[in-house]
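Read the structure below first, then the notes.
The values are calculated or read from the model by the stated rules, or taken from the named source; none is laboratory data. Since the model is a prediction, treat every value here as computed from it, not as a measurement. Ideal geometry is used to build each Cβ from the backbone, glycine not excepted, and the neighbour counts take in all protein chains shown.
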C-alpha cells in the first residue's frame, strides 16, 4: 500500500490540526466570496453538456433522446468538479476521451465499487489477507492521487513559465498552492477528498431532480418561467441569475429531502448535553436519520409530496435542509456542489423538456449511498425556441 493512502484530508482529521486546516480551506472553497470564481468554470461545463444532449437528439433521428442519464450525469459531475478543483478539463463531454482521462474515470468508478463492501467487511481484514477487493481499492486511490500529482506538476510548470492566464481562476488546487499555507500533502489530500465526495453526490441528486420534474410537468414549467425571468432581468449574468431562482434552489432541497444521498448524519458530542431529561455524555456518537426525517409529517407537512415551494416559506428552515450537514463539519464542497447543480438545472430548463414513462415509479436502494433501485429512463425533447 502506498503512502498516499495514509494521507487524510478534512473529512477524517480531528483536533487542532483539522481546525486550522479547515479555516484555510473554508476561505478558499466554501466562503460565499469565492462563488464568482466557480461560476464561469461550471457554466462552461453546463453549456457543453447541453450541446452534447443536442447532438444525441440529432443522432437519434427522432427529435428526442430517451436514455438512462446516470452515466452522462456522472461524467458531467466529474468534469465539473475536476474543472473547479484542478483547473483543467478532462474532456468528458466529448465523444472521444483520451486514455489518461479514461484511466482517471475508471479509478473513480473502481473506488466507489470497492468501498461499498467495506461497510460490512473490516478493511483491516481484507488488507491482511491481501483480498483482491482491497488491492483494487488501493490501486484506484493510487490512480486518483496520481491525477493530483500530475496537476500539481502542471501548475508548478505554469508558475515557472509565468504564463498569462488573463485573469482566469486557476482552480482550487493552484489557489491553495499559491497561498502556501498548507503542506503539499495536505492540499493533495483535501482536493482529492473533495473530488471523490463530489461526484456521486451531485450526479445522483440531479438524476432524482430530473425524475421529479418529469413527474410534475406543471412544476417544470413553473421553474422554466422563473429561469426565463432571471435571464431577462440579469442579461444573462449567471452569477446574478443564481440570486433570482429561489424555486430552482427549493427543488434541489426538496430532492435531497426525499432522496438524500446519505441515509444518516453523524456527530460526536463534544460536551455533555441534557435535552428533555435525556443526558447525552460527551463523546457519544449521535446519528440523525435523514431519510426518516425527510418523511416525518411532524417536520415536513405532506411529506410524500414533492413541493419545492415549501422552502420558500419565511420561517426558519435551519436544521431541516441537512443534505450537506451543518456547522463546522458541514460538507466542504457544498458551495461547489450547489452551484454546479443550480447551473445545470438552469441550462436544462432553458433547452429541454423532460418526460418519463407513465406509471413507472422508481424507489431507492442502499449501496454505499442511496441509489435508484432500477434505471431511470427519461426523455429529453428540445424546446421550440432552441430548435
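Do we find that residue 381 is farther than 17 Å from residue 228 by Cβ and at pLDDT 95 or above in this structure? The answer is yes for residue 381. Scan region 232-246 and tell me whether some residue there is out of contact with any helix residue (DSSP H, G or I) (no Cβ under 8 Å at 6 or more places or on another chain), surrounded by fewer than 13 Cβ atoms within 10 Å (Cβ to Cβ) and either part of a strand (DSSP E or B) or at pLDDT below 90 (or both). There is at least one residue in region 232-246 that is out of contact with any helix residue (DSSP H, G or I) (no Cβ under 8 Å at 6 or more places or on another chain), surrounded by fewer than 13 Cβ atoms within 10 Å (Cβ to Cβ) and either part of a strand (DSSP E or B) or at pLDDT below 90 (or both). I need a count of the residues in region 338-365 that are in a strand (DSSP E or B) and exposed (fewer than 13 other Cβ atoms within 10 Å of the Cβ). Of the residues in region 338-365, 1 are in a strand (DSSP E or B) and exposed (fewer than 13 other Cβ atoms within 10 Å of the Cβ). Only a single criterion out of (1) on the phi < 0 side of the Ramachandran plot; (2) touching a residue at least 12 places away in the same chain (Cβ under 8 Å) is not satisfied by residue 292, namely (2).
A single entry from 269, 204 fulfils the requirement of being over 21 Å from residue 363 (Cα atoms) and either surrounded by 20 or more Cβ atoms within 10 Å (Cβ to Cβ) or without any contact (Cβ under 8 Å) to a residue 60 or more places away in the chain (or both): 269. Among the criteria (1) touching a strand residue (DSSP E or B) at 6+ places or on another chain (Cβ under 7 Å); (2) over 30 Å from residue 141 (Cβ atoms); (3) at pLDDT below 95, the one residue 214 does not fulfil is (3). Checking 96, 156 one by one, the residue that is at negative phi, modelled with pLDDT under 90 and not in a helix (DSSP H, G or I) is 96 and no other. Restricted to region 255-266, and to residues there that are touching a helix residue (DSSP H, G or I) at 6+ places or on another chain (Cβ under 7 Å) and without any contact (Cβ under 8 Å) to a residue 60 or more places away in the chain, the residue that is surrounded by the most Cβ atoms within 10 Å (Cβ to Cβ) is 255.
Under the condition of being touching a residue at least 24 places away in the same chain (Cβ under 8 Å), more than 24 Å from residue 152 (Cβ to Cβ), within 19 Å of the chain's Cα centre (by Cα) and assigned to a helix (DSSP H, G or I), the residues counted in region 44-93 number 9. Residue count for region 116-137 under the criterion of being at pLDDT 85 or above, out of contact with any helix residue (DSSP H, G or I) (no Cβ under 6 Å at 6 or more places or on another chain) and surrounded by 14 or more Cβ atoms within 10 Å (Cβ to Cβ): the result is 3. Once region 327-337 is narrowed to residues that are touching a helix residue (DSSP H, G or I) at 6+ places or on another chain (Cβ under 8 Å) and in a helix (DSSP H, G or I), the residue that is surrounded by the most Cβ atoms within 10 Å (Cβ to Cβ) is 336.
Of the residues screened, residue 252 is not one that is surrounded by 20 or more Cβ atoms within 10 Å (Cβ to Cβ), over 17 Å from residue 335 (Cβ atoms) and in contact with a helix residue (DSSP H, G or I) (Cβ under 7 Å, 6 or more places away or on another chain).
Looking only at residues that are touching a residue at least 40 places away in the same chain (Cβ under 8 Å) and not in a helix (DSSP H, G or I) in region 169-201, which one is nearest to the chain's Cα centre (by Cα)? Top of the filtered list is 171. A single member of 324, 319 is modelled with pLDDT under 90, within 14 Å of residue 205 (Cα to Cα) and either touching a strand residue (DSSP E or B) at 6+ places or on another chain (Cβ under 6 Å) or in a loop (DSSP other than H, G, I, E, B) (or both), and it is 324.
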